[in-house]
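Only one structure is covered here, and it is reproduced in the block below.
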Amino acid sequence: MNAQLHDEQPAERGARVIPLNAARQDEEPAERHPLERRVAAGLAFLRRRLAGEYEVDEFGFDPELNRNVLLPAARVLYERWFRVELAGTEHVPRKGGALIVANHSGTVPLDGIMLSVAVHDHLERDLRLLGADLIYQVPVLGHLSRKAGHTLASPADAARLLAKDELVGVFPEGFKGVGKPFGERYQLQRFGRGGFVETALRANVPIIPCAIVGAEEIYPKIADLRPLARLLGVPYFPVTPTFPWLGPAGLLPLPSKWMIAFGEPMPLDDYGPEAADDPMTVFNLTDHVRETVQQMLYDTLLRRGPAFF
């Protein structure tokens, strides 16, 4: 009898154990529900923020906050409100330093935010915009701009970013472009003194001309309360068909149709860094870039058609 029991033991050792919840495991989906994934990702994000487990570069850029908070908020306007379309994305390098030079408009500079979403979502790169000093003097706005990867429009900051092979964006018109009246829409203002050309020459990076159509219609500026602007210390205080007449509701941008077009790169290899010290070379290149962007604006306007359909 003992021998019989001894013979049966190997068979028992090889028996397959079937868990009681096997059927339930087979019925469960291989992947979690999208909502569950979003909740889990959100909780993980909050845990890392509270624990300080995130990185910020020397300019204050917080890639994780930008990717998970700032860009998603802007993406609602980009996709649902302005319905942005892109053209010429093949002209933007997927790696290495380059300087995107675009027109600036809209009374409130939402064009920079929309351009950042376009570059991040469709080119898989972070756009490091150069902004005016005034932006960084406003506590909350300046802090968020730094977190989004932007910095002062200074030659030193631009040179450091390009040396790190970053994609840098600049609006040479500055507040002259953003604050121009609606009657001058899509007419480029002066491109400053050509500082962006000097920066590109010294860094030996290509200039990518860019035309943004649609921003001019979001807050049509019909007047400027200059005394109030001087009192507040801002370049202009706009009056639009909806602001200040409708109060806070007048701050809602009109849902114009947007198009963003990138032009062919303008390589500067043939000039050399020393050309940045030649005023005539800088002037000619600045004028050439401005004419290129202006022509791109006309072409893109024709392609877009009506402003709101």
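The values are calculated or read from the model by the stated rules, or taken from the named source; none is laboratory data. These figures come from a predicted structure and were not determined experimentally. Positions of Cβ are backbone-derived with ideal geometry, glycine not excepted, and every protein chain shown enters the neighbour counts. Just the protein is used for accessible areas: all its heavy atoms, side chains included, with ligands, DNA and RNA removed. Shrake-Rupley method; radii C 1.70, N 1.55, O 1.52, S 1.80 Å.
Tell me the Kirkwood radius of segment 20-157: reciprocal of the mean inverse pair distance over distinct alpha-carbon atoms, in Å.
One decimal place: 17.6 Å for the Kirkwood radius.
With every protein chain present, what is the per residue accessible area of segment 27-78 (1.4 Å probe, Å²)?
I get 72 Å² per residue for segment 27-78.
What lysines does Lys257 reach when the alpha-carbon gap must be under 24 Å and sequence neighbours fewer than 8 apart in one chain are set aside?
Cα-Cα hits under 24 Å: Lys176, Lys180, Lys221.
How many angstrom lie between the C-alpha centres of segment 51-130 and segment 234-309?
If we compute the Cα centre of each part, the gap is 16 Å.
Would you work out what percent of the accessible area of the chain, with all protein chains in place, is carbon or sulfur (probe 1.4 Å)?
Summing carbon and sulfur atoms, their accessible area is 58 percent of the total for the chain.
Quick one: what do you get for segment 119-187 if you divide its Cα Rg by 2.2 N^0.38 Å?
Working it through for segment 119-187, the quotient is 1.24.
Once fully extended, how much extra length lies between Thr89 and Gln295, figured as 0.36 nm per residue of separation less the alpha-carbon to alpha-carbon distance?
72.4 nm
Cross-link partners among lysines for Lys95, C-alpha distance below 23 Å, same-chain residues fewer than 8 apart left out?
Straight-distance partners of Lys95: Lys147, Lys164.
Net charge near Lys221: determine it from the other residues with C-beta under 12 Å of the C-beta of Lys221, scoring Lys and Arg +1 and Asp and Glu -1.
-2
Tally Lys/Arg at +1 and Asp/Glu at -1 over every other residue whose Cβ is under 11 Å from the Cβ of Val234; what's the total?
Within the 11 Å Cβ shell, the charges total +1.
P(r) tail for the chain, what percent of Cα pairs lie past 33 Å?
For the chain, the fraction of Cα-Cα distances above 33 Å is 36 percent.
Please report the net charge: other residues with Cβ closer than 10 Å to the Cβ of Lys164, K and R +1, D and E -1.
Its environment carries a net charge of -2.
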